[in-house]
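Peer 1: First, the structure itself, so that you have it in front of you.
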Amino acid sequence: MLGDVDQNKNVSPQPVTPVNPEMAAVQANQPAPAATPAPAVKTAARPGAVPPKKIGKEKIEKSKSRFIMGCMGGFIFLFVVFIILMVLMISRSGASNPVMQAFGLDPGGVRNFLQGVVGFAFGILSLLFLILLIIGLFRFLGAQKSDKEKRSRNLRMMTVSSVMLVLMVGIWVVLANYISRIEIAAEKIIAEIVVEEPKDLNNLTAPVEIKFSAINVAKALEMGGIRISSMNWDLDGDGEYETPVTSPEVTHLYARKGTYTVGLQVKVAGEDTYREPYTQIISIPNAAFGAEPSTGTAPLAVEFDASVIISKSNVASLDWDFDGDGVYELEGPDNLRPRYTFSQIGVYKVHLRAIDKNDNVENYYRNIEVTVTDKPIVSAVIDVTPGLRGPIPLQLRFDASRSVGLKGKIIKYQWDFGDGSDLQSGKSTTHVFNKPDFYSVTLSVEDELGNKATSSVEIEAQAISSVPEAAISSTPAFSAGQPLTGTLPFKVEFDASGSQDADNDIVQYEWDFDGDGIVDQEGKKVSHTFETAGTYTVGLTVEDSEDQKSTASMQVLVQEPGVLAVITATPEEGTAPLTVKFDGSSSSVYQGNIVSYEWDFGDASPKTITGAIVSHKYTSVGSYTAKLKVLTNNNESASTSKIIYVREIPLKACFTPSRMSGLAPLTVAFDSKCSTGTVSGYSWQFGDGVESSSKNPTHTFEFPGSYTVVLEVADSKNNVSTYQEIIVAEGDVQ
């Protein structure tokens, strides 16, 4: 026992007491109580006695530490084994693993779960060992150099913590990297352009709209940790990437057949240039011309459009066979958008033969289906020329060309004229009605299937009526056989009310004031001013409803005055605002000189005394009597006038769109200021069911397509004018 004590350098040679060295050191530094007996007496050992075996706290603490470390190591080992087994299970068997199938687990979800668990667990363990490393370091540095055992214990703690920290971080990095690279069979994505619509790319026929998607490219790059910042598309295969989009989906209309290499360029975050493009080859082996509608009830009017498949600049001839009989109903280069009406029920294979300027020939076909209608299977239609009534002998031409057989060709036409004459046949015929009466003319038609139809019209054959008698009266009045005399300017009111007709059906009065055979004015009562001296033959022609005419005439003598005022106006009529140049320089006087010209323009503007030539602007619609008064140096005067007609600007609709085309949704502002006339109302139809009555509306075309925008303007007299433009909303963005 003494030998044991001597080996401890921290205890001085005193009587042996069964206390641990630490307690002895503490007691040695404290003063002993005076009344306490000396410890040496109590602790004296019997000679030759063996001391009891010592069990210290250090040994117990070491056992606890080893147990805890063992448990932690075992837990970590089992955890790592569990993670490895789960990784192997999802990386090799994937969704087909029976365990996952039994529990309904998704391999992708399990992988994401493992990523989270590994990150959390190894993060906590790494933090724990880092804390233990720091604690061991501080304890090691705080221990006395003489306390080698304590320093050794803390050094071991630092070493184990460091090794475990490195091991945990290493396992963490390896597992996280491996798990992130696991590709589950159901999630493997190929970086390529995907055609979403149409699903079947075999035997495509232009025009066709194709929807492309870059989602797989984006997902594949994102799985590699790469994020796309921008995308450009080459949709027409010309090598130009002119379609930048923010959405991974884009739609393009291919109007003509051919092979197109669709390209996609992507720029990733952190890079300044676009990467090598992804490509997809689209083959459109067929093409079809447009037909609207392509099906409907008979008779069906169809508008065809070959512009979607053929360039007009290279066309030599476009030949159309509409009914499939091998005969081309239309031939020539100007048949890009023909219209044809299918009269009979059936399916027609319309054939278009396109010949280019190099004599290359391409043939296109499209079926048009004409279905049953509520209209009669056979209809009889009568056209009569020149009209349904007239004086005898009345010769008329009857035509049944517009008669239609919906199921079969009309092969029989029969005419009954209702006057007891023999029946006549043929698609068209001529007949003469010799007696005045009303006749019911009946047409009977029959098609090749035996279907029949009839139609009738009423004809009025009129008796020959008496010829009208024209008569003229005037103010001032004239005497029979004597000319009507007056001085310049000579205004005369003419009246044809005295003209007579036994049937009382005079329908037209025509006046010729200068005898040149040209009608100068129409109406029962008219007025005319003679502005040049001379003798005039005024003629009147009256006409009744049977086109029978009669004429009458009178003489007018116009003499020069002492002073003669003469006006010429250029122009005499036009639309507002109208600037008229008036010229009074032809005014004259027999003796003396004209010293002043007084102008009154008849529009409430002030009278002016100026020269012989003057201009004036009329700003309002109406008729204005411009007057000129000339004054001579002998104080003689003369006046004359000229009527100026200012009409409204013709009503004409017009508008200017801010854009003709663009990507949908497309907002377009429409400006109607180019419309002319006195517009009282605006009516807009934008081609998508939306209407507006604004003068200058703005409209948004939400969806791709071609829209016919129509503007209709009206004035206060309900006159209407329309104008239209086509706006194209391109479908590049979905």
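Nothing in this text is a laboratory measurement; each read-out follows from the coordinates by a stated rule. For clarity, every value in this text was computed on a predicted model and none was experimentally measured. A quick note on method: Cβ atoms are made from the backbone with ideal geometry, for glycine too, and the neighbour counts reach across all protein chains shown.
Peer 1: Quote the Stokes-Einstein diffusion coefficient, in whole µm² s⁻¹, for the stretch 473-559, based on the Kirkwood radius over alpha carbon pairs, a temperature of 4 °C and a viscosity of 1.567 mPa s.
Peer 2: D, rounded to a whole number, is 97 µm²/s.
Peer 1: Restricting to DSSP loop positions (anything but H, G, I, E, B) with no more than 12 other Cβ atoms inside 10 Å of their own Cβ, which GluC sites (Glu not before Pro) remain in the stretch 395-481?
Peer 2: Within the stretch 395-481, the qualifying GluC sites (Glu not before Pro) (loop, at most 12 other Cβ atoms within 10 Å) are E448.
Peer 1: Same structure, new question: Using only the alpha-carbon atoms, how far is helix 107-142 inclined from the longest principal axis of the chain? Give it as 0 to 90 degrees, nearest 10.
Peer 2: With both axes taken from Cα atoms, the answer is about 40 degrees.
Peer 1: A follow-up question, please. When you have a sec, figure out the Kirkwood radius of the stretch 378-462 from all distinct Cα pair distances and drop it here in Å to one decimal?
Peer 2: This gives a value of 13.0 Å.
Peer 1: Moving on to the next point. Once amide H atoms are placed 1.01 Å from N in the peptide plane, what residues at a sequence separation of 5 or more from G426, or on another chain, have their amide H within under 5 Å of its amide H?
Peer 2: Amide H neighbours of G426: Y413.
Peer 1: For S162 and S553, compute 0.36 nm times the residue count separating them, minus their Cα-Cα distance, and round to one decimal in nm.
Peer 2: Contour length minus Cα-Cα distance gives 127.2 nm.
Peer 1: Here is a further query. In terms of modelled amide H atoms, which long-range or inter-chain residues lie less than 5 Å from the amide H of S499?
Peer 2: So S499 has HN proximity to A471.
Peer 1: Considering only the other residues whose Cβ falls under 9 Å of the Cβ of I410, what net charge follows from Lys and Arg at +1 and Asp and Glu at -1?
Peer 2: Net charge in that neighbourhood comes out at 0.
Peer 1: Using DSSP to call loops (not H, G, I, E or B), can you name the trypsin sites (Lys or Arg not before Pro) in the stretch 475-566 whose Cβ has at most 10 other Cβ atoms within 10 angstrom?
Peer 2: Taking the stretch 475-566 and a limit of 10 other Cβ atoms within 10 Å, no loop trypsin sites (Lys or Arg not before Pro) are found.
Peer 1: If you don't mind, there's one more thing I want to ask. Regarding the chain, what are the three Cα extents along the principal axes, ordered largest first, in Å?
Peer 2: 193, 89, 55 Å, listed from the longest principal axis down.
Peer 1: Given the stretch 194-286, report the % of alpha carbon pairs whose separation exceeds 24 Å.
Peer 2: 22
Peer 1: Next up: Over 23 Å, how big is the tail of the calculated P(r) for the stretch 490-608, in percent of all Cα pairs?
Peer 2: Counting pairs separated by more than 23 Å, the tail of P(r) holds 51 percent.
Peer 1: If you add up the charges near V614, with Lys and Arg at +1 and Asp and Glu at -1, over every other residue whose beta carbon is less than 10 angstrom from its beta carbon, what do you get?
Peer 2: Result for the neighbourhood of V614: 0.
Peer 1: Ok, one more. Lysine pairs in the stretch 572-695 with alpha-carbon atoms under 13 Å apart, 8 or more places apart or on different chains: how many are there?
Peer 2: 8
Peer 1: What does the charge add up to near T568, with Lys and Arg as +1, Asp and Glu as -1, over the other residues with Cβ less than 10 Å from its Cβ?
Peer 2: Local charge sum for T568: -1.
Peer 1: Oh, and also: Using alpha carbons only, how many degrees (0 to 90, rounded to 10) separate the axis of helix 57-92 from the longest principal axis of the chain?
Peer 2: 30
Peer 1: Please identify every one of the GluC sites (Glu not before Pro) in the stretch 278-383 that sits in a loop by DSSP and has no more than 14 other beta carbons within 10 Å of its own beta carbon.
Peer 2: For GluC sites (Glu not before Pro) across the stretch 278-383 that sit outside H, G, I, E and B with at most 14 neighbouring Cβ atoms in 10 Å, the list reads E329, E331.
Peer 1: Just to be sure I understand: if I project the alpha-carbon convex hull of the stretch 635-684 onto a plane and average over all orientations, what area do I get in nm²?
Peer 2: About 6.5 nm², averaged over all directions.
Peer 1: List the cysteines of the chain that have no other Cys Cβ closer than 4.7 Å: which are they?
Peer 2: Singleton cysteines: C71.
Peer 1: What is the log10 of I(q)/I(0) for the stretch 656-730, computed with the Debye formula using one identical point scatterer on each Cα and no solvent, at q = 0.16, 0.21, 0.27 Å⁻¹?
Peer 2: For the stretch 656-730 at q = 0.16, 0.21, 0.27 Å⁻¹, log10 I(q)/I(0) is -0.53, -0.85, -1.28.
Peer 1: Given the pairs K549/K717; K257/K407; K491/K549; K267/K312, which are separated by over 29 angstrom at their Cα positions?
Peer 2: The answer is K549/K717; K257/K407; K267/K312.
Peer 1: Angle between the Cα long axis of helix 148-180 and the longest principal axis of the chain, 0 to 90 degrees, nearest 10?
Peer 2: Between helix and principal axis, roughly 30 degrees.
Peer 1: How compact and how long is the stretch 288-371, expressed as Rg and Dmax of its alpha-carbon atoms in Å?
Peer 2: Reported Rg and Dmax, both Å: 12.5, 40.
Peer 1: With runs of 4+ DSSP H residues as the only contributors, calculate the mean residue ellipticity of the chain at 222 nm using -39,500 (n - 2.57) per run, divided by the residue total and rounded to the nearest 500.
Peer 2: -6500 deg cm²/dmol
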